[in-house]
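See below for the structure under consideration.
Throughout, read-outs are computed from the coordinates displayed, never taken from laboratory work. Being a predicted model, the structure only gives us computed values, none of them experimental. When we count neighbours, we look across all protein chains shown, and the Cβ atoms used for this are built from the backbone with ideal geometry, even at glycine.
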Amino acid sequence: MKRHSRVLIKKFGIQKHGVPSYSTIRRVVMGVEFDKLAEKFNDWAKNYVEIEESEW
């Protein structure tokens with residue numbers, strides 16, 4: 001995060017508190033339910049890639 005903070009600040013328009021720390025991002029990611037994330041990702045990906053169900 002520190003290495004790319006300037007790019008992240010510019011890209012995401014981060015202002016008040018700056019870029020979140022590694023620990024903060026880690027806590028957020030650890031709280032994500034993988035099955036739900038995978039389901040949402042697959043739903044999104046289906047809009048861009050045509051794959052038969054047997055290919056999954």
Rank by packing, highest mean first: peptides 37-45, 18-26, with packing defined as the count of other Cβ atoms within 10 Å averaged across residues. 18-26, 37-45
Under 21 Å from the Cα of residue 36, which lysines turn up, not counting those fewer than eight places away in the same chain? 46
Compute, for the chain, the length of the dipole vector about the Cα centre, with Cβ point charges of +1 (Lys, Arg) and -1 (Asp, Glu) only. Units Debye, rounded to 20. 1020
Run the numbers for residue 28 and residue 47: contour at 0.36 nm per residue of separation, minus the present Cα-Cα distance, in nm. 4.2 nm
Can you return the lysines within cross-link range of residue 16? Criterion is Cα-Cα under 17 Å, with same-chain partners fewer than 8 residues away left out. 2
